[in-house]
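Encoded as structure tokens, the structure appears first; notes follow it.
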Amino acid sequence: MQNLKDKVAFVTGGSRGIGAAIVKRLAAEGAKVTFTYVNSKDQADALVSALAQEGLTAVAIQSDNNREGAVSHAIDQAIEHYGKLDILVNSAGVYVGKAFEEHTTGDYDYVMNVNVKSVFEACLAASRKMEHGGRIVTIGSCMADRTAVPQATLYAASKSALSGFTRGLSRDLGPKGITVNLIQPGPVDTDMNPAASEFADFQRGMMSIPQYGRPEHIADAVAFLASPVNGYTTGSVITIDGGTLS
Ligand SMILES: NC(=O)c1ccc[n+]([C@@H]2O[C@H](COP(=O)([O-])OP(=O)(O)OC[C@H]3O[C@@H](n4cnc5c(N)ncnc54)[C@H](OP(=O)(O)O)[C@@H]3O)[C@@H](O)[C@H]2O)c1
């Protein structure tokens, strides 16, 4: 059954990893999906073609969340094209790992721009046009609550900001019938955190289920939160991390 037939969705950072799995899942549920990418044009184009071969609709737009105004412009373009927006998924995210003393304020700006400020911008653009039944889902990280590794200070700070933001926004948009939720993944096998890296066994060692998640595990939760079936879960932080440090 297609739960998202006739819905229009926008996903940031959909060319690879978790974002790409979300694009595929929402499209398979019947949504018309616009997604953004920055550097991975070939992967974005390949995803659009693969979905088209299945009779599913996706459009890729190059848009850098590190540039002020870019994501709102891309959302406006999608709304102009489809006439509405039902679902916003903020998945794009970056990790800058280095000794704290080596950081610059440029690192701060980059991580906060992509992981936090662009989420604010995207929600602002979306909320001005979304109607009753709208759905906003953001991808945070379990590191917001439990940071077991060094060199993740900025990343953890940025992902912590998203939980307060989600709770606040759910209050602001609840009366309009729009739900706002945050998913906090643990280790998921992507380019950002490969299951075969030298750091992987350490992460598996912290988990109740000592296996990396797959991007589809996160996409499953997004599909539920974005669907009309969910009208009552809002302001929630849902952790999907195999029981990391639980
Ligand atoms: N993998 C994990 O273990 C894990 C765990 C917890 C949370 N997360 C979160 O899950 C989300 C997705 O992570 P992932 O593992 O799938 O990462 P990934 O494999 O590194 O993919 C990142 C995606 O974000 C896009 N992106 C990067 N910088 C961007 C920017 N400035 N503007 C717009 N898009 C940008 C990339 O696009 P291009 O390639 O086109 O540049 C790519 O599509 C992130 O928010 C991440 O923090 C991941």
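Rule-based calculations on the coordinates, nothing more; no lab input. Everything numeric in this text was worked out from a predicted model, so none of it was measured. We place every Cβ from the backbone using ideal geometry, glycine too, and count neighbours over all the protein chains shown.
Amide H contacts under 5 Å for Phe10: Thr34, Ile87, Leu88, Val89, restricted to partners 5 or more places along the chain or on a different chain, H placed in the peptide plane at 1.01 Å from N.
So which of Lys32/Lys176; Lys98/Lys129; Lys98/Lys159; Lys5/Lys117 end up more than 28 Å apart by C-alpha? In this structure, Lys98/Lys129; Lys5/Lys117 exceed 28 Å between Cα atoms. Using helices alone, I'd like the mean residue ellipticity at 222 nm for the chain: each DSSP H run of four-plus residues gives -39500 (n - 2.57), total over residue count, nearest 500. For the chain, the value works out to -11500 deg cm²/dmol.
Report, in debye and to the nearest 20, how large the dipole of the chain comes out about its Cα centre when Lys and Arg carry +1 and Asp and Glu carry -1 on their Cβ.
680
Ranked for footprinting exposure by Cβ neighbours inside 10 Å, fewest first, Val137, Val71 give Val137, Val71.
Rank-order 225-233, 138-146 by packing density, defined as the average count of other C-beta atoms within 10 Å over each peptide's residues, highest first.
Put in order of decreasing packing, that is 138-146, 225-233.
The C-alpha atoms of the chain define a longest principal axis, and helix 118-127 lies at about 20 degrees to it.
Would you please classify the overall shape of the chain from the alpha carbon gyration tensor, given that a ≥ b ≥ c denote the square roots of the eigenvalues, rounded means a/c under 1.5, and beyond that prolate means a/b larger than b/c while oblate covers the rest? The shape class here is rounded.
Over what distance in Å are the Cα centres of segment 182-246 and segment 23-61 separated? One Cα centre to the other: 22 Å.
Residue-wise HN-Hα couplings along segment 230-246, as the Karplus relation 6.51 cos²θ - 1.76 cosθ + 1.60 with θ = phi - 60° gives them from phi, are 8, x, 10, 7, 8, x, 9, 10, 10, 9, 10, 9, x, x, 5, 6, 7 Hz; Gly and Pro carry x.
In plain terms, the residue of Met112, Met130, Met1 with the fewest other Cβ atoms within 10 Å comes first and the most crowded comes last, giving Met1, Met112, Met130.
Taking a straight line from the alpha carbon of Lys41, these lysines sit under 17 Å away, with near neighbours fewer than eight places off in the same chain left out: Lys24. Each Lys and Arg Cβ is given +1 and each Asp and Glu Cβ -1; about its Cα centre, segment 141-246 then shows a dipole of about 440 debye. The charge dipole of segment 16-121, taken about the Cα centre with unit charges on the Cβ atoms of Lys, Arg (+1) and Asp, Glu (-1), comes to about 320 debye, rounded to the nearest 20.
Sorted ascending by nearby beta carbons within 10 Å, beginning with the fewest, Phe202, Phe165, Phe224 become Phe202, Phe224, Phe165. Bridgeable aspartates and glutamates around Lys84 (alpha carbons under 12 Å apart, same-chain partners fewer than 8 residues away excluded): Asp6, Asp76, Glu131. When the charge dipole of the chain is built from unit charges on Cβ atoms (+1 for Lys and Arg, -1 for Asp and Glu) and taken about the Cα centre, the candidate among Val59, Leu4, Val111 whose Cα reaches farthest toward its positive end is Leu4. Computed from backbone phi with θ = phi - 60° and the Karplus coefficients 6.51, -1.76 and 1.60, the 3J(HN,Hα) list for segment 47-64 is 5, 4, 5, 4, 5, 4, 5, 8, x, 9, 10, 8, 10, 9, 10, 6, 7, 9 Hz; x is used for glycine and proline.
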